[in-house]
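As structure tokens, the structure follows; a few thoughts come after it.
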Amino acid sequence: MLQITNYINGIFEAPVNDQWLDNYDPSNGNVYSHISNSDAKDIENAYNAAKAAYPSWSQTTLDERSKIMLRIATLIEENLDMLAEAESKDNGKPLWLAKAVDIPRASSNFRFFANAITQFASEAHESVGMGAMNFTLRQPIGVVGCISPWNLPLYLFTWKIAPAIAAGNTVVAKPSEVTPMTAFLLGNICTEAGLPKGVLNIVHGTGPSAGQAIIEHPDIKAISFTGGTATGAHIARTAAPMFKKLSLELGGKNPNLIFADCDYENMMTTTLRSSFANQGQICLCGSRIFVERSLYDKFKEDFVARVKKLVVGHPSDNNVNLGALVSKPHLEKVVSYIEMAQEEGATVLTGGNQVTVGGYEGGYYLEPTVIEVTDDKCRINQEEVFGPVVTIMPFDDEVDALAKANGVRYGLSATLWTSDLNRTMRVSKALEAGIVWVNTWLMRDLRTPFGGVKNSGVGREGGFEALRFFTEPKNVCIKYE
Ligand code: NDP
């Protein structure tokens with residue numbers, strides 16, 4: 001059976017302890033590969049490789065760095081079909097989605113930061129009347145850690161690695177143990193593109209073992225993490241006494257505010273996507289839908305009817321809207337939330353059941369589920385489910401809509417549907433979120449700051465924000481006569 005080995009110093013190698021974990025295909029529940037169950041010894045090896053590569057990589061010209069990263073981007077594109085198939089098999093997401101979104105975006109991440117680094121500038125401040133000139137040096141940090149989740153595996157892995165290496169750092173990276181495959185395949189691509197050995201080191205294994213060794217490592221000075229809020233809090237507690245720089249992109253419970261004056265058909269089509277894309281396993285999914293009362297009954301009827309038509313099936317089938325959930329424990333967690341919602345008095349309007357797909361009986365399939373709630377403070381409306389489950393509820397006016405939208409501990413993204421420009425401005429400013437989409441969803445321009453407020457995270461990635469995170473600013477003050 002295929003062994004997913006670590007990529008350290010440009011070489012694929014088994015973990016030092018020779019321990020392996022099972023890697024499951026969510027579409028049928030079968031183990032199809034084994035993954036390195038790495039520990040602190042492998043992280044130390046990866047750190048040493050990254051440390052050795054740093055002096056030379058941090059001095060590579062921007063032109064050379066950029067060229068290598070553009071080659072990686074091109075190779076990802078050239079291997080689109082192979083990578084998309086690997087991503088779909090590892091994660092359970094529809095193959096068409098991996099082809100259209102995940103892999104192209106992984107390529108764009110490298111291409112974007114390959115170009116961005118050539119435009120990254122720093123400030124100068126003349127101290128007028130004092131005979132001094134200040135400028136800001138932006139220097140790479142050294143060896144940095146990148147830890148990513150399972151929902152958009154290569155997409156989010158490269159979202160961190162690309163700015164980190166563009167800025168001149170070297171990296172110890174750990175993808176989720178649940179979806180290691182495309183990160184594993186990226187190793188070969190980096191070698192083929194000519195990335196010097198040790199610049200990127202990919203270590204596989206569990207969070208509590210390999211991940212923990214990264215965050216505890218005293219000389220890995222910055223951590224970029226995307227994952228759950230509880231893990232983010234743990235990382236912050238661990239890293240704070242060592243004064244590590246942290247970027248934490250965490251969970252969400254994003255509101256979708258639908259006003260009666262919206263473009264109804266566009267809203268309906270997009271809301272289906274923002275609810276159930278990637279089986280609802282996107283941190284930016286709009287999992288709480290609030291609809292203006294005058295539109296509520298029509299929306300409820302039409303939305304439920306459209307959701308009933310969504311097709312759940314094997315990820316390789318081009319006609320499916322939803323594939324499999326990522327793992328058995330995750331499926332069980334999502335199902336338990338649906339049961340809990342019903343115990344709390346909410347009404348399942350459609351969905352809620354596991355689906356058996358012929359020929360793939362062991363797969364982790366679930367119907368897209370719409371739950372009507374009467375209290376926006378109930379648990380199903382407050383806690384992140386991270387599956388194909390949305391709640392719906394009416395609101396009375398803008399004030400009520402905002403109170404409900406902001407009435408959670410999360411603040412990642414929000415979506416607003418209205419044709420009123422004044423309302424757009426008022427509500428966008430009042431929403432407690434890092435990203436607000438108006439009359440659209442998941443439209444991303446990589447130059448924009450990305451991240452959340454409240455329990456959805458600390459710091460921003462994207463564009464120059466990411467390059468600022470992965471560099472340390474130093475003020476140089478020159479006195480002149
Ligand atoms: P987790 O927090 O469980 O895991 C994220 C990553 O952290 C994984 O690689 C995991 O390893 C690792 N990890 C776990 N424990 C530790 C530890 N003690 N030290 C270091 N690393 C650790 O999240 P999920 O993988 O379940 O991802 C889903 C979550 O990610 C959701 O909450 C979602 O909202 C959030 N997310 C946020 C995004 C954002 O941009 N804000 C985007 C996408 C997802 P392993 O998996 O091997 O245990």
(Q) Quick check on the chain: helices-only [θ] at 222 nm, where DSSP H runs of length 4 and up contribute -39,500 (n - 2.57) each and the sum goes over total residues. Nearest 500, please. (A) -12000 deg cm²/dmol
Q: Quickly work out the N439-to-R379 label distance, labels modelled 7 Å from Cα along the C-beta direction, and quote it in nm with one decimal.
A: 4.1
Q | Entries in K244/K429; K253/K377; K67/K99; K253/K404; K429/K474 that, when Cα-Cα distance is taken, lie over 22 Å | A | K244/K429; K67/K99; K429/K474
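Return W20, W437 ranked ascending by Cβ neighbour count within 10 Å, so the fewest neighbours appear first. Could you put the intermediate results ahead of the total?
Details: W20 19, W437 22.
In increasing order of surrounding Cβ atoms, one gets W20, W437.
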Q) If you take the charge dipole of the stretch 19-92 about its Cα centre, with +1 on Lys and Arg Cβ and -1 on Asp and Glu Cβ, which of P26, L70, A52 is farthest toward its positive end? A) A52
Q: May I ask you to sort E367, E85, E343 by Cβ crowding, counting other Cβ atoms within 10 Å and putting the fewest first?
A: E343, E85, E367
Q) What's the extension gain from K67 to R306 if we count 0.36 nm per residue and subtract their Cα-Cα distance? A) 81.4 nm
Q: Work out the FRET efficiency for E216 and V458 from their Cβ-Cβ distance, taking R0 = 25 Å, and round it to the nearest 0.05.
A: 0.85
(Q) What is the distance in Å between the Cα centroid of the stretch 282-317 and that of the stretch 114-162? (A) 39
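Neighbour counts of other C-beta atoms within 10 Å: give me V370, V348, V307 arranged from fewest to most. If you can, show how the numbers build up before the last one.
Details: V370 25, V348 17, V307 22.
Result, fewest neighbours first: V348, V307, V370.
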Q. Roughly speaking, what is the centre-to-centre gap between the stretch 182-254 and the stretch 15-71 when only Cα atoms are used, to the nearest Å?
A. 11
Q: Please list the equivalent ellipsoid semi-axes of the chain, computed as the square roots of five times the alpha-carbon gyration tensor eigenvalues, in descending order and whole angstrom.
A: 38, 29, 19
**Q.** Pairwise label distance in nanometres, S122 with A14, each label 7 Å out on the Cα-Cβ vector
**A.** 4.6
Q. Can you run phi through the Karplus equation (6.51, -1.76, 1.60; θ = phi - 60°) for the stretch 350-357 and list ³J(HN,Hα) in whole Hz, with x for Gly and Pro?
A. 7, x, x, 10, 6, 10, 9, 9
(Q) I'd like the orientation of helix 40-58 relative to the chain: the angle between its Cα long axis and the longest Cα principal axis, in ° from 0 to 90, rounded to 10. (A) 60
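Only Lys, Arg, Asp and Glu count, each charged at its Cβ (+1, +1, -1, -1), so figure out the dipole size of the chain about its Cα centre, rounded to 20 debye.
Values: 43 positive and 53 negative charges, 224 e Å.
Its charge dipole is roughly 1080 debye.
Once the Cβ-Cβ distance between M242 and S336 is put in as r, and R0 is 35 Å, what FRET efficiency do you end up with, to the nearest 0.05? Intermediate results must be reported in sequence, preceding the final value.
Working: r = 36 Å, r/R0 = 1.04.
The calculated FRET efficiency here is 0.45.
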Q.
In the stretch 117-136, whose amide N lies under 16 Å from the spot 7 Å out along Cα-to-Cβ of N475? List them in ranges.
A. 123-136
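Quick note: the coordinates plus some simple rules give every number you see, no bench work behind them. All values derive from a computational prediction rather than experimental measurement. Every residue, glycine among them, receives a Cβ derived from its backbone with ideal geometry; neighbour counts consider all protein chains shown.
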